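Only one structure is covered here, and it is reproduced in the block below.
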Amino acid sequence: MKLYLSIIITALGITASQPVAAQDIQDFDEAHLEAVSGKDDVDRAIEAGLRYLLSRQNATHGYFEGRLHNTYTALASMALMAAGHFPERSEFGDALRRGIMYLVEAAEENDGYFGREGNARMYGHAICTLALLEAYGMMADERDNTKIRDAASKALDVIIDAQITDRQRGEHFGGWRYEPHGNDADLSVTVWQVLALRAADNCGLEIPLDAISNAVTYVRGVYSDRHGGFC
């Protein structure tokens, strides 16, 4: 803690011989808030991007248009959440709710697996699972949160069941492939599954410790000293 505080103090240019008055801190906070309260070019670009996404949302069913309704809806929903939009608390909150609840319905209709559309497979499945977990607890209606949790739990079951747990698979042990129950593993697919598992843990959902430790074993195994990276 002392080290952490010393780093902060140093970064602020504060020393023990230069005490800072509470009024100085308040003045700094107010000036900072005033400086960031207006929209700059980045804010306007983000808002324009979000409005484009909303123009592609199906007004009846809530999904976002494209070849992969589930995956595109998940990505668009996460973009809305990243920009601070939530139901009944922001301008685009209703659009977010409709997108997330579309994913809930998709999970119910497909036994928790989102990857059957097009070539989404386990990539799309993990992305959709992550979107649900990011939205869990953020809905204004607790009944929606309960539905989201149940749908996410089903999706997590698919991820856990699809992990390669046979040690005879050698270097592929602990990873995931494009389809559930693949014979080998892929790093990029695996990383998406791990992101979903981490989000589930952040939400307080129970995740088998073996699933995480086995995934770490796989990721460490694909590190190449020769190339200085993962491959």
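Put simply, the amide H of Y63, placed in the peptide plane, has neighbours under 5 Å in N58, leaving out anything fewer than 5 places away on its chain. Using the alpha carbons alone, the radius of gyration of region 66-112 stands to its Kirkwood radius in an Rg to Rh ratio of 1.01. D201 sits with roughly 100 Å² accessible to a 1.4 Å probe, with DNA, RNA and ligands left out of the calculation.
For the residues Y102, Y223, Y136, Y218, a 1.4 Å probe over the protein chains yields an accessible-area ranking, largest first, of Y223, Y136, Y102, Y218. Counting heavy atoms of the protein chains alone, V42 has an accessible area of about 90 Å² for a 1.4 Å probe.
Within the accessible area of region 171-220, the carbon and sulfur atoms contribute 51%, probe 1.4 Å, all protein chains present. A Cβ-based charge dipole, computed about the Cα centre of region 118-163 with Lys and Arg at +1 and Asp and Glu at -1, lands at about 140 debye. At the residue level, H85 shows approximately 30 square angstrom of accessible surface with a 1.4 angstrom probe and all protein chains present.
The values are calculated or read from the model by the stated rules, or taken from the named source; none is laboratory data. What you see is a predicted model, and the numbers here were worked out from it, not measured in a lab. So basically every Cβ, Gly included, is an ideal-geometry build from the backbone, and we count neighbours across all protein chains shown. The accessibility values were calculated without ligands, DNA or RNA, using every heavy atom of the protein model including side chains. Shrake-Rupley method; radii C 1.70, N 1.55, O 1.52, S 1.80 Å.
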